[in-house]
Amino acid sequence: MKGPLFYAKILLFGEYGIIKNSKGLAIPFNTYRGALKTTEVLEGKAKVSNENLYKLYNHLSTLETELVSFNLKKFKTDLEKGMYFDSSIPQGYGVGSSGALVASIYDKYASDKITVLENLTREKLLRLKEVFSLMESFFHGKSSGLDPLNSYLSLPILINSKEHIEPAGIPSQKQGKGAVFLLDSEQIGETEPMVSIFMNKMKNEGFRKMLNEQFVTYTDACIEDFLHGNVSSLFSNVKSLSKIVLKNFKPMIPDAFHKVWANGIKTNDYYLKLCGSGGGGYILGFTEDYEKAQKSLKGYKTELVYRF
C-alpha cells in the first residue's frame, strides 16, 4: 500500500496570535512529507509509528461527535496488518508532523469526507478544521486543527479569524536575493508547555495590551504585505515583529539563539520569528539577501522555503 502524500506546513505568520483570533497565514512545505504504508515486519520507526496509530485509533473510538464518523473496523484491520506512517517530517520542529498524520487518517478512514475537489465553501472549511481539531487534540491536548487542514488541502490558507478561513493565493516565487528560510535550533520543542507559558502570560494585562496593540498589528500587516508582494514594507514590519517577539516571547526562543536573534535585528542581515510554538525545532528567518544571511549565520543549518 502506498498512500497519498501529505506535506509539512509552515505557519508564516500568526503563531500565538491565532489563539487570540488574529490573522494567520500557513503554507504547505513540500520538502517534508509522509504517507501511510504497510510492512510485514514491524521494527524501528515503523513499530513506534504503528503503536502511536493504535493510540490514535483508541482516541477516535471514544470521540463522541456528529461531525464525523470513521471506518474504525478497517482502520484496526490495517493496523493489525502492519500499517504505519512513513514520514520525513521532523517531530517537535513546528512544521506539522502530527498534522500530516491526522490528515492521512481522515483521508483514508473518514466516512462522507469532504474532498479537496469539492467547492470548498467557508462552512466546509470550518467543518474540516473542527474535525481536525478533535482528531489532533490527541497529540497536543488542544489543537486549532490548522496543521492537518493545511496538509490535507495542500494549499496556502489565510486565517482571518477563528470563524473565517479561506484558501489564499500567494505570489509566485521570484528568483531574487530575498528569502524566507528555516534555521535549525537542533533541539526538539514541545507545543503544550509553550502554550501553557503563553496562557499564563495572558493573565498579565500589559502582555495582553502588547499582544493586541503591537503583536497582532504587525502580524496582520506582514500578512497583507506578503500576499500583495509589498516586499520593502514586509521587511520593515517583520523587523518590528522580530523585536516584539524577542522582548516578549523570550521563553519560546531557545537560549542559545537570543544573541543570534538580536544580531539579525542589529545588522539587518536577517530577521527571525517563531515557527509554530517555539521552544526548539525550527526558527523562521526572513532576509533581503539570502547569501548574506547564510554568511552571518555560518555554522548554523539553514533551509530555503521561499524566494523573493
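The values are calculated or read from the model by the stated rules, or taken from the named source; none is laboratory data. Everything numeric in this text was worked out from a predicted model, so none of it was measured. Heads up, the Cβs are rebuilt from the backbone with ideal geometry, glycines too, and the neighbour counts pull from every protein chain shown. Ligands, DNA and RNA are excluded from the accessible area calculation, which covers all protein heavy atoms including side chains. Shrake-Rupley method; radii C 1.70, N 1.55, O 1.52, S 1.80 Å.
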>> Being under 24 Å from Val305 (Cα atoms), under 22 Å from the mean Cα position of the chain (by Cα) and aliphatic (A, V, I, L, M) is the filter here; which residues of segment 205-260 pass it?
In response: Val216, Ala221, Ile223, Leu227, Leu234, Val238, Leu241, Ile244, Val245, Leu246, Met252, Ile253
> Of all strands (runs of 3 or more DSSP E) completely enclosed by segment 154-236, which ones contain at least 3 residues that are modelled with pLDDT of 95 or more?
Replying inline: 179-184
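Going through segment 259-308 one residue at a time, which ones are in a strand (DSSP E or B) and open to solvent by 10 Å² or more (accessible area, probe 1.4 Å)?
If the condition is that a residue be in a strand (DSSP E or B) and open to solvent by 10 Å² or more (accessible area, probe 1.4 Å), then Tyr271, Tyr282, Thr302, Glu303, Leu304, Val305, Tyr306, Arg307 are the ones that fit.
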> Given the structure, is Ser137 hydroxyl-bearing (Ser, Thr, Tyr), in a helix (DSSP H, G or I) and within 27 Å of His228 (Cβ to Cβ)?
Replying inline: no
>> Please count how many residues of segment 35-92 are outside any helix (DSSP H, G or I), surrounded by 15 or more Cβ atoms within 10 Å (Cβ to Cβ) and hydrophobic (A, V, I, L, M, F, W, C).
In response: 9
> Of everything in segment 13-31 that's under 17 Å from Ser196 (Cα atoms) and charged (D, E, K, R), which residue is most open to solvent (accessible area, probe 1.4 Å)?
Replying inline: Lys20
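Being among the aliphatic types (A, V, I, L, M) and either in contact with a His (Cβ under 8 Å, 6 or more places away or on another chain) or closer than 17 Å to Gly145 by Cβ (or both) is the filter; apply it to segment 1-12 and report the residue that is surrounded by the fewest Cβ atoms within 10 Å (Cβ to Cβ).
Keep residues of segment 1-12 that are among the aliphatic types (A, V, I, L, M), which gives 1, 5, 8, 10-12.
Still in the running and either in contact with a His (Cβ under 8 Å, 6 or more places away or on another chain) or closer than 17 Å to Gly145 by Cβ (or both): 8, 10-11.
Numbers: Ala8: 26, Ile10: 24, Leu11: 26.
So, considering only residues that are among the aliphatic types (A, V, I, L, M) and either in contact with a His (Cβ under 8 Å, 6 or more places away or on another chain) or closer than 17 Å to Gly145 by Cβ (or both), the one surrounded by the fewest Cβ atoms within 10 Å (Cβ to Cβ) is Ile10.
Would you call Val131 β-branched (Val, Ile, Thr), at pLDDT below 90, over 30 Å from Asp289 (Cα atoms) and in contact with a helix residue (DSSP H, G or I) (Cβ under 9 Å, 6 or more places away or on another chain)?
On the way: β-branched (Val, Ile, Thr): yes; at pLDDT below 90: no; over 30 Å from Asp289 (Cα atoms): yes; in contact with a helix residue (DSSP H, G or I) (Cβ under 9 Å, 6 or more places away or on another chain): yes.
No.
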